[in-house]
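Let me begin by presenting the structure, written as C-alpha cells, before commenting on it.
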Amino acid sequence: MQLIYEKTVPGRRGVKLPQNDIPVKKKFPEEYRRVELAHLPEVSELDVVRHFTNLSRLNYSVDGNFYPLGSCTMKYNPKFTEKAAAIEGFAGLHPMLCRVPKAEILVQGALAVVAEMERLLGEITGMAAFTTQPLAGAHGELTGVMLIAAYHKHKGGARKYILVPDSSHGTNPASAAIAGYTVVVIPTDKDGYMDLNEYKNKLNTDVAAVMLTCPDTLGIFNPRIKEIADLAHQAGALMYYDGANLNAMMGKARPGDLGFDVVHLNLHKTFATPHGGGGPGAGPVGVSSRLVDFLPTPRVVKNKSGEYALDYENKRSIGHIAPFFGNFGVILKAYAYILLLGKQGLIDASEIAVLNANYCRVRLKEYYEPAFDRICMHECVFSASRQASCGVHALDIAKFLIDKGYHPPTIYFPLIVKEALMIEPTETESKETLDRFIDTMIEIARLAQNDPDTVRRSPVTMPIKRLDETKAAREPDLRWKPKG
Amino acid sequence: MNYIPHTEKDIREMLEVIGVSGIEELFKDISPELRAKSFHLPEGKSEFEVLEYLQALSRQNTEGLVSFLGAGFYDHYIPAAVDALSSRSEFYTAYTPYQPECSQGWLQAIYEYQTAICELTGLDVSNASLYDGGTALYEAAMMCVRSTGRKKILVDCGLNYIYRVMLYTYTSNLNIEFVEIPVVHGQSCRDSVQQYLDETTAAVVIQNPNFFGAIDDHTDIIERAHQMGALVIASVYPVSLGIVKSPGEMGVDIATGEGQSLGLPLSFGGPYLGFMAVRSQLMRQMPGRIVGSSVDKDGKRGYVLTLQAREQHIRREKATSNICSNEALCALRALIFLCSVGRNGLKELAELNFQKCEFTKDCLSEVPGVEVKRSSPTFNEFTVKLPRSAQKVFTAMLKKGFISGFPLGQFYKGMDDYLLVTVTEKRTKAEIMRFAAALKEILCS
C-alpha cells in the first residue's frame, strides 16, 4: 500500500479547526519560529479514513483470528471494557488535579478505581499492597527490582546479584541489569524445573533477589516453589514473581502464599485489556508487608472523613516512577473485567485456560516433540525438532499457519528449547477452534515429511512474502523522506 | 460473565482426550499446602450493572468546569476520525507485530508514525514510541550516559517537575550526578550552564516550551555542550512544533516528549505516549521497538521490526533497555491526529493556541492585582502572580465554574502566589472573558 505521505496533494485539507474568535493582535516572534514546516500529510478526511481502514485489514487480531501466541495470553477482550474506559467523567479527567493540594475532592471517583484495583489485585495475588503506577509489565519489573534495591539498602547491605533461570523472559535479566544488578543465570534441569542444586550453589548473602515466572515459561508449575522461596529468605534474598502467567492459577494459588515478595501483573494478559498492537499495557506491582514502605509515592489512602486522599509523606519510598497512577484507562478496563467475571469467573478462566492447553498438548504430542511430556498449565511448549530434521523449521511452520488464517504460536522462545513452538490457547477459544488449529498443525507435520517445500514457501496468501530482514537491519530505512 | 464458550459436553470430551477424570487433576502440581489461602472477591455482574456502578463513580469526579489547566498535559480537541479508526479491533486486538506478513497494517502505521515524529522534531530517527514523556526522558538520559561514558547531567529547572523527580528515582542506584540549572526570567540560566558544563558532562536536559510555558532558543547552550562533548536532550510539546523552532533546527541530539496532546484523552494520566527521535549517530543506542522498510522475495516493499540486536528478547541483560512493549495504539492515534490536521493545519492549530493565550494574557492584565509575567515569549500557557495564595484562588474559582490553572507553590518554593494558566483552542473568547471577570470578582471582594 502507498504511504499516507505519498497520497499528499499540496493544499488539500482534512479536519477543520475551531474558528479564531478573538481579535488577532500579536505576531508570533520570528526569532523563535521554525523555518520549515513538518512534512505532514496533506490529505482529506476520507483519505485518512480509507487509508487506516485498509491498513487495519492487513493485520491479524484476536477479533479476526485464533492467536495462540504463547506467553502473551491473547484472550478475547470484552467490548464492554472499551465502553467503560470511554465514560466521559474518567476519559476527560485532568490528572494534574490530583497534584493540586486539597483538590483530591475533584477526583474521588478516579481515586476509588485506583484504590479498589489495588485491593482486588492484592486479594487475587495474596500481596499486602499494590501500586498501579508501572506503565507496562517490563516497567513493573524495573519498579519491583528498584523496590528490592531500596529494601536491601535500608537493611544496610547493598547486594550485587539477581538470580534468573535460563527459561525466563528477556525482560527479567534486562530489568535487573538496568537497575544496577549483575545477573546470574540458573540452568533448567531435565524435568523442566530450575536446577535446584545450581540454585543452592549460587545463592548467598550477596544475592538480592530471585526472579521467577510461575508457572514458568515452559508452562510448568514448580511443586518445590515454596522450598525455593524459603531458601531465598534464609539467605536474606527476596522473591520476585513475573506475573506473565497468572492466567494459569487464579483462585488456585497466590504468589503471596507461595512466598513471593514482589509481583508484577500484566493487565493486558490476565485481565483481558487489549494488547493494542504492542501497547498500552499496564504493570501494577504488589508487595509483601516487608516492602510496603518502599512503594512509589503518592499512595491513595482514606482520610478520617472517609474520602480518598494522597499520601506523599513516605520517607522510604523509591519516589515517582510514573507521573500519576499508571495507565489509568487500562486499569479501568481491567477493573471492569474483574467486576464482570467476579470470583467464579476468574477461577473458571484459569481452569479452562489450563484445560485448553492440555487438550492441545495431548492431541499434538504424537506429531511434535513435547519439550516436557507431562501435564502443563496454561500453555504447552513443543519443539519442531522432528520437522527441522526434514528441513521445516519453527519459522516455516509459523508462516504456513499464517496462510491458514492463524496467528502463529510464539517461536524460538523459551530460548532453552530448540525450535520452540509455544502454544497458549487461552480460555476464550472453543473446542472447535482448537480442533481446526490442531488439524492444521497435524497437516503441517505430514507436509514436513512428504512435501516440505510447500511449507517452506509459505506464506503465499498474504500481501507480502517473507521479508529480507537482514537488509532491513543492515541498510536501515526507518522513515519516509520528502523528495528533494 | 466469563466469556468461556465450553459446554459441559465439550469439557467432558476434552478431559477424556487428555485422559484425566476432572479439571482439578490438571492442577495436581499445586499441592494442598500451596493452595490459595483466600480468594474473597465479589460475584460477577452483568454489563448493565457494572456500567451503572462505574458511571456513578465517574460522577464523583469534577464535571462541567471550564478548564485552564495544562501543566504538561493538554485538553486539545480530538477529531472524530481518531476515535473511529483507532477503535477498529483489527488494530487494538492485535499484538506486537512479530510476524510481519500478517501485521503489515500495524508495521506500516508505525513506520508512518516514526516519519511524523522525525518531521515534527526535525531529527533523523524515531523509535516506535515509549510509555510516556517522563520515561522517554529517562531513557534518553541513559543513552547519553552510555554513549559518552560520563555521569554528570545538567537539568534545567524548566523541565516538568514530575519528570525531574522521575529521573532522580530511576537513577538513584547508578551514581549519576545531577546539577540543576535555574530558570531566570522564564528561561534557562546561561551563566549556570557556563559554570557547570564541562568535559565530564554527559548531557544537558532542557524543555521547550518549559514548564512555565516560556519559549527559548537553546542554540547557544547546545553549541557549548557539543564543544564539551556533551549531548543535549530536549523535552518538547508536539503541538507547539507547528510554529516553534524544532529541536533539529537548534541542534538538539535527542528529542523526547509527551504525545498526549496529539489526540489522546487526558484519562487521569494515561495511557499516554512517549516519543523519542535522535540524530542518526545515536540510532543503535535507542531503546524500544523500531520499524524499518525492506523488500520481500519478489522485491515488493514491506515493513518489519528491525535493529532488534539492541533489545531485551535477544540481548537479555546486555540490552539497551528492558522495554518490551511500546504504546502502539497511542502512537496510532497520534499519527491519525497529525494526518487529520495535516501540514498546514498543525501550524494553524499552534497559531490559534498562541493567539488565544495572548488574548487571555491581555484580559488578565486588566484584573487589578494580577501580574502577567511577560519576560519571555510563551506558547499556550503562562504564569501570573496573584495578590494572594494561588491555592486559595484556585479553590474560590472552582465555585465560579473554573479550573483556573495550576498553583505553582506545590512544585516551586517561593511561588505560592503564582498560577500557571493554560489556554488551548477549545477555550472560546466568551469563556476567557468570563474567566477574567470571575477572577476580578474574587480578587476585588
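The values are calculated or read from the model by the stated rules, or taken from the named source; none is laboratory data. This is a predicted model, so every value here is computed, not measured. With ideal geometry, Cβ positions are generated from the backbone for all residues, glycine too; neighbour counts draw on all protein chains shown.
Quick grid of which residues meet (1) of a type in the set (Asp, Glu); (2) under 19 Å from B:LEU349 (Cβ atoms); (3) surrounded by fewer than 21 Cβ atoms within 10 Å (Cβ to Cβ):
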residue	(1), (2), (3)
B:PRO42	no, no, yes
B:VAL50	no, no, no
B:SER58	no, no, no
B:GLY70	no, yes, no
B:ILE78	no, yes, yes
B:ALA94	no, no, no
B:PRO97	no, no, no
B:GLU101	yes, no, no
B:GLY105	no, no, no
### Complete set of residues in the range A:7-42 that are of a type in the set (Phe, Trp, Tyr) and in a loop (DSSP other than H, G, I, E, B)
A:PHE28
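B:ILE336 - would you say it is farther than 30 Å from A:GLY278 by Cβ and touching a residue at least 60 places away in the same chain (Cβ under 8 Å)?
Here the answer is no, as B:ILE336 does not meet what is asked.
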## Note on the structure
Of the residues in the range B:328-382, those that are more than 7 Å from chain A (Cβ to nearest Cβ), assigned to a helix (DSSP H, G or I) and of a type in the set (Lys, Arg) come to B:ARG333, B:LYS361
### Query
Within the range A:60-83, is there a residue that is crowded, with 23+ Cβ neighbours inside 10 Å and over 19 Å from the mean Cα position of the chain (by Cα)?
no
#### Entry: From the options B:HIS226, B:HIS218, residue that is of a type outside the set (S, T, N, Q) and crowded, with 23+ Cβ neighbours inside 10 Å
B:HIS218
### Task
Please determine, by comparing only the residues of the range A:1-39 that are touching a residue at least 12 places away in the same chain (Cβ under 8 Å), at the interface with another protein chain (Cβ under 7 Å from one of its Cβ atoms) and of a type in the set (A, V, I, L, M), which one is farthest from B:LEU120 (Cα to Cα).
A:MET1
### Task
Kindly state which helices (runs of 4 or more DSSP H) lie completely within the range B:136-235 and contain at least 3 residues that are in contact (Cβ under 8 Å) with a residue 40 or more places away in the chain.
B:161-170
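For the range A:43-52, check the following and say yes or no: at least one residue is more than 33 Å from the chain's Cα centre (by Cα), at the interface with chain B (Cβ under 7 Å from one of its Cβ atoms) and part of a loop (DSSP other than H, G, I, E, B).
Taking every residue of the range A:43-52 in turn, at least one turns out to be more than 33 Å from the chain's Cα centre (by Cα), at the interface with chain B (Cβ under 7 Å from one of its Cβ atoms) and part of a loop (DSSP other than H, G, I, E, B).
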### Task
Collect the residues in the range B:83-135 that are more than 26 Å from A:ALA473 (Cβ to Cβ), among the hydroxyl-bearing types (Ser, Thr, Tyr) and either at the interface with chain A (Cβ under 7 Å from one of its Cβ atoms) or not in a helix (DSSP H, G or I) (or both), keeping them in residue-number order.
B:SER87, B:SER89, B:TYR92, B:THR93
### Message
Pairs needed: first member in the range A:183-207, at pLDDT 95 or above and of a type in the set (Lys, Arg); second member anywhere, outside any loop (DSSP other than H, G, I, E, B) and surrounded by 13 or more Cβ atoms within 10 Å (Cβ to Cβ); C-beta distance under 7 Å; at least 6 residues apart or different chains.
### Response
A:LYS200/A:LEU231; A:LYS202/A:LEU163; A:LYS202/A:VAL184; A:LYS202/A:ILE186
### Criterion: among the acidic types (Asp, Glu), in contact with a strand residue (DSSP E or B) (Cβ under 6 Å, 6 or more places away or on another chain) and either buried (at least 24 other Cβ atoms within 10 Å of the Cβ) or modelled with pLDDT of 95 or more (or both) - qualifying residue of B:ASP83, B:ASP124, B:ASP132
B:ASP132
### Query
Among (1) in contact (Cβ under 8 Å) with a residue 12 or more places away in the chain; (2) of a type in the set (Phe, Trp, Tyr); (3) not in a loop (DSSP other than H, G, I, E, B), which single condition is B:TYR53 missing?
(1)
### Task
Look at A:GLY259 and say whether it is touching a Cys at 6+ places or on another chain (Cβ under 9 Å), surrounded by fewer than 24 Cβ atoms within 10 Å (Cβ to Cβ) and not assigned by TED's automatic domain parsing to the domain that holds A:ILE411.
no
### Message
Exactly one condition in (1) charged (D, E, K, R); (2) facing chain A (nearest Cβ under 9 Å); (3) buried (at least 19 other Cβ atoms within 10 Å of the Cβ); (4) farther than 30 Å from A:HIS169 by Cα is false for B:GLU317; which is it?
### Response
(4)
#### Entry: Flag for A:GLU227 being over 28 Å from B:PRO271 (Cβ atoms), charged (D, E, K, R) and within 14 Å of chain B (Cβ to nearest Cβ)
yes
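Could you tell me which of the residues B:GLN308, B:GLN312, B:GLN281 is surrounded by fewer than 24 Cβ atoms within 10 Å (Cβ to Cβ) and modelled with pLDDT under 95?
Among B:GLN308, B:GLN312, B:GLN281, only B:GLN308 is surrounded by fewer than 24 Cβ atoms within 10 Å (Cβ to Cβ) and modelled with pLDDT under 95.
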### Message
Quick test for you: out of A:ARG119, A:ARG99, pick the one residue that is farther than 21 Å from B:ALA56 by Cβ and charged (D, E, K, R).
### Response
A:ARG99
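Determine which member of the set B:ILE23, B:ILE4 is out of contact with any Leu (no Cβ under 9 Å at 6 or more places or on another chain), facing chain A (nearest Cβ under 7 Å) and buried (at least 18 other Cβ atoms within 10 Å of the Cβ). Please lay out each step first, then the result.
On the way: B:ILE23 fails: out of contact with any Leu (no Cβ under 9 Å at 6 or more places or on another chain).
Exactly one of B:ILE23, B:ILE4 is out of contact with any Leu (no Cβ under 9 Å at 6 or more places or on another chain), facing chain A (nearest Cβ under 7 Å) and buried (at least 18 other Cβ atoms within 10 Å of the Cβ), namely B:ILE4.
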### Message
Which numbered condition in (1) in contact (Cβ under 8 Å) with a residue 40 or more places away in the chain; (2) within 11 Å of chain B (Cβ to nearest Cβ); (3) of a type in the set (Phe, Trp, Tyr); (4) surrounded by fewer than 24 Cβ atoms within 10 Å (Cβ to Cβ) is the only one that A:PHE294 fails?
### Response
(2)
### Task
Could you give me the residue pairs with C-beta distances under 8 Å whose first residue belongs to the range B:385-396 and is on the phi < 0 side of the Ramachandran plot, whose second residue is loosely packed, with under 15 Cβ neighbours inside 10 Å wherever it lies, and which are 6+ apart or on separate chains?
B:LEU386/B:GLY369; B:PRO387/B:GLY369; B:GLN391/A:PRO101; B:GLN391/A:LYS102; B:THR395/A:LYS102
### Task
Quick one: B:ILE11 ticks every box in (1) surrounded by 20 or more Cβ atoms within 10 Å (Cβ to Cβ); (2) under 26 Å from A:TYR406 (Cα atoms); (3) of a type in the set (A, V, I, L, M) except a single one, so which number is it?
(1)
## Note on the structure
Of the residues in the range A:327-345, those that are assigned to a helix (DSSP H, G or I) and within 7 Å of another protein chain (Cβ to nearest Cβ) come to A:PHE328, A:GLY329, A:VAL330, A:ALA336, A:LEU339, A:LEU340, A:LEU341, A:GLY342, A:LYS343, A:GLN344, A:GLY345
### Task
List every residue pair whose Cβ atoms sit under 6 Å apart, with the two residues 6 or more apart in sequence or on different chains, where the first one lies in the range B:401-413 and is more than 8 Å from every other protein chain (Cβ to nearest Cβ) and the second, anywhere, is buried (at least 21 other Cβ atoms within 10 Å of the Cβ) and part of a loop (DSSP other than H, G, I, E, B).
B:SER404/B:PHE68; B:GLY405/B:PHE68; B:GLY405/B:LEU69
### Message
For the range B:411-445, which positions are assigned to a helix (DSSP H, G or I) and buried (at least 16 other Cβ atoms within 10 Å of the Cβ)?
### Response
B:LYS429, B:GLU431, B:ILE432, B:ARG434, B:PHE435, B:ALA436, B:ALA438, B:LEU439, B:LYS440, B:ILE442, B:LEU443
### Message
For the range B:241-258, check the following and say yes or no: at least one residue is over 23 Å from the mean Cα position of the chain (by Cα) and either in a loop (DSSP other than H, G, I, E, B) or crowded, with 24+ Cβ neighbours inside 10 Å (or both).
### Response
no
